[in-house]
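Structure record follows, encoded as structure tokens.
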């Protein structure tokens with residue numbers, strides 16, 4: 001599917017989806033509580049067949065967090081970016097690790113560095129930081145007076 | 001003794017000519033240093049992109065084995081020099097320390113590139129990077145660059161050889177060559 005076809009097909013999945021202008025990929029903003037259903041559809045429906053998640057990350061916008069998923073279909077060679085806004089004080093979203101296995105480690109990384117909890121994740125442990133680490137280093141307000149030299 | 005003299009000096013000592021061919025008079029320390037400097041086995045150690053340049057320096061085009069660095073060792077117990085090729089993060093620091101401790105004396109350290117000398121691009125606003133590998137282990141030679149070109153690493157290795165041949169202590173490793181030429 002080309003970009004326009006993909007956009008209208010994704011719109012048909014859920015009425016609350018909005019799209020961003022510009023950018024290399026078609027970018028859809030979806031509500032966090034509908035995330036899992038939409039992602040399941042993108043993975044399973046033959047028209048999309050997004051079998052490859054090539055990036056999963058999070059962005060701290062100071063007012064809120066945004067989960068960012070990059071999906072691609074090897075069969076149809078189309079790709080889409082899915083974004084989902086999270087509450088900064090209590091960030092949680094359904095896991096996608098059973099749909100794309102690669103999300104298992106990527107979600108652990110986001111959990112470790114941003115503090116997002118992935119509901120129903122099979123093994124949500126720290127990935128990079130030490131066990132006794134306090135705070136989430138990739139959040140914009142993170143402070144570490146010992147190791148950080150502020151510019 | 002400056003860097004240039006060291007490179008040109010093939011073998012330490014003077015030949016005293018005699019009827020039957022000549023006698024070499026030298027100091028044992030000088031001979032040992034000469035031998036050590038020409039057979040420095042580096043440890044296989046690389047933590048980021050500098051390691052790519054280091055591998056390039058080892059391979060055919062730059063070929064550091066011309067200067068006696070050919071046998072990169074995968075165990076610190078057989079290595080003489082550790083080239084810190086890349087960023088050292090707080091989690092890696094104890095590993096680096098342990099590797100250094102496991103190396104047999106005499107041992108030498110080259111800090112390759114901006115990260116290993118000072119933290120480089122990760123100096124400000126980072127929670128995880130050690131601001132210079134010399135916070136963890138003592139460094140003999142620092143190489144500038146991000147990453148340094150293979151020529152720069154070769155120069156560092158030759159500088160290390162010059163230092164060993166001169167029998168200098170770690171504090172005396174300032175580049176005297178530049179002072180002399182001015």
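What follows is calculated from the coordinates using simple rules that are stated; it is not laboratory data. Given the structure is predicted, the values throughout are model-derived calculations rather than measurements. Ideal geometry is used to build each Cβ from the backbone, glycine not excepted, and the neighbour counts take in all protein chains shown.
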What is chain B's relative contact order, in percent, from Cα pairs under 8 angstrom and six or more apart in sequence? 23
Before rounding to the nearest 500, sum -39500 (n - 2.57) across all DSSP H runs of length at least 4 in chain B and divide by the residue total; then give [θ] at 222 nm in deg cm²/dmol. -10000 deg cm²/dmol
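For Cα pairs less than 8 Å apart in space and 6+ apart in sequence, what is the mean separation divided by the residue count of chain A, i.e. the relative contact order in percent?
Relative contact order here is 17 percent.
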Residue A:143 and residue A:66 label points (each 7 Å along its Cα→Cβ direction) are spaced in nm at 2.7
Which residues in segment B:22-58 have a backbone N closer than 11 Å to a point placed 7 Å from the Cα of residue B:16 along the Cα-to-Cβ line? B:23-26
Please give the helix A:103-114 orientation as an angle from the longest Cα principal axis of chain A, in degrees from 0 to 90, rounded to the nearest 10. 40
Could you check which residue among A:101, A:117, A:36 shows the biggest mean-square fluctuation in a GNM of chain A with a 10 Å Cα cutoff? A:101
Sticking with the crude label model, points 7 Å out along Cα→Cβ, report the distance from residue A:20 to residue B:97 in nm, one decimal please. 4.2
Would you mind computing, in nm to one decimal, how far apart the modelled labels at residue B:65 and residue B:125 are, each placed 7 Å from Cα along Cα→Cβ? 4.6
Apply 1/(1 + (r/R0)^6) to the Cβ-Cβ distance of residue A:11 and residue A:151, taking R0 = 41 Å, and write down the FRET efficiency to the nearest 0.05. 0.40
Which of rounded, prolate or oblate describes segment B:40-158 when judged by the alpha-carbon gyration tensor and an a/c cut-off of 1.5? oblate
Give the distance, in whole Å, between the Cα centre of segment B:36-58 and the Cα centre of segment A:92-151. 34
Based on the alpha-carbon gyration tensor of segment A:59-151 and its eigenvalue square roots a ≥ b ≥ c, which shape applies: rounded if a/c is under 1.5, prolate if not and a/b is larger than b/c, or oblate? prolate
Ratio Rg/Rh, restricted to segment A:3-92 and using Cα atoms, in which Rh is the Kirkwood radius: 0.95
